[in-house]
Amino acid sequence: LSNVVKARGDYEQSNEYLHEALPVFQEIGDEKGEAAAYHNLGRNAEECDELDDAEEFLEQAIEIREQNGHERRLARSRHNLGVVYLKREEFDKARELFEQCLDQFQEFNEPRMVCASLRALGELEHRESKVERAEELLKESIDTAKSANAIDYAIESYDWLVSVYEEAGRIDAAIHHCKEAISLAKEHEIEEQAEEFKQRCQKLEDTEMAAD
């Protein structure tokens, strides 16, 4: 139920369900369920930019998963804690977690999470103004997502890649990759995102024309 109401944007109700579930999991000794509840509370808090709460919940999930050897789920909790650090601009902490998780997701053969880790590292390098490295990571993220048919992940990575080029003043490259994203979204009938990239592309082309 928590995920259902969250999908409707009702984070308050989602959190209420999770908080109600926690003591039940604890009473019956279901550590897997307890860790999942903490993890989801952490994700909800991170997505709402309640970063202190997010860190606390995710650290609780990590502690339980470390004790019980839930390696795949542990990597996901660590990745989300990395997102918290990235938002706080604690880049060294974020990089350490993302690189660790990238290795684990590659080992586990989880291409969607490999893509997410590459994109997160690309975002980090972008924020540190390391344009070439950000470009490399985001392109690798897109290629990984396409190979896994994870089109939603590819589209999100395109969004960051276009931003990298735009902020670097490489408008031609930004337009080129914007058009790639439009084609990909249309091919997979993701019309809303295709339209968003189309509008973005038009603004970039207007910027280019004004510069000429």
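Structure notes:
- The residue list Ala75, Ala36 contains one member that is of a type outside the set (Val, Ile, Thr), in contact (Cβ under 8 Å) with a residue 24 or more places away in the chain and within 19 Å of Glu16 (Cβ to Cβ), which is Ala36.
- Positions within region 14-31 being on the phi < 0 side of the Ramachandran plot and open to solvent by less than 60 Å² (accessible area, probe 1.4 Å), in sequence order: Ser14, Asn15, Leu18, Ala21, Leu22, Phe25, Asp30
- Looking across region 136-163, just one residue is acidic (Asp, Glu) and touching a helix residue (DSSP H, G or I) at 6+ places or on another chain (Cβ under 6 Å), and that is Glu140.
- Counting only helices (runs of 4 or more DSSP H) that sit wholly inside region 32-127, those with at least 2 residues that are among the acidic types (Asp, Glu) and crowded, with 19+ Cβ neighbours inside 10 Å are 111-127.
- From Glu89, Glu166, Glu156, Glu123, residue being more than 23 Å from Cys48 (Cα to Cα) and not aliphatic (A, V, I, L, M): Glu166
Conditions tested, residue by residue: (1) of a type in the set (Phe, Trp, Tyr); (2) within 19 Å of the chain's Cα centre (by Cα).
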position	(1), (2)
Asn149	no, yes
Ala154	no, yes
Trp160	yes, yes
Ala173	no, no
Glu189	no, no
Glu192	no, no
Gln199	no, no
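- Residue count, region 170-190 (criterion: free of Cβ contacts under 8 Å to residues at least 24 places away in the same chain and more than 17 Å from Glu125 (Cβ to Cβ)): 8
- Residues that are among the polar types (S, T, N, Q) and open to solvent by less than 80 Å² (accessible area, probe 1.4 Å) were ranked within region 184-212; the one that is nearest to Asp172 (Cα to Cα) is Thr207.
- Residue match in region 167-176 (condition: modelled with pLDDT under 95, of a type in the set (Lys, Arg), in a helix (DSSP H, G or I) and open to solvent by 40 Å² or more (accessible area, probe 1.4 Å)): no
- Just one residue in the set His70, His79 is closer than 29 Å to Leu121 by Cβ and either of a type in the set (S, T, N, Q) or at pLDDT 95 or above (or both); that residue is His79.
The values are calculated or read from the model by the stated rules, or taken from the named source; none is laboratory data. Here the structure is a predicted model, which is why all the values come from computation and not from measurement. Every residue, glycine as well, gets a Cβ built from its backbone with ideal geometry; the counts of neighbours run over all protein chains shown. Ligands, DNA and RNA are stripped out before the accessible areas are found, and what is left, the full protein with its side chains, is counted by its heavy atoms. Shrake-Rupley method; radii C 1.70, N 1.55, O 1.52, S 1.80 Å.
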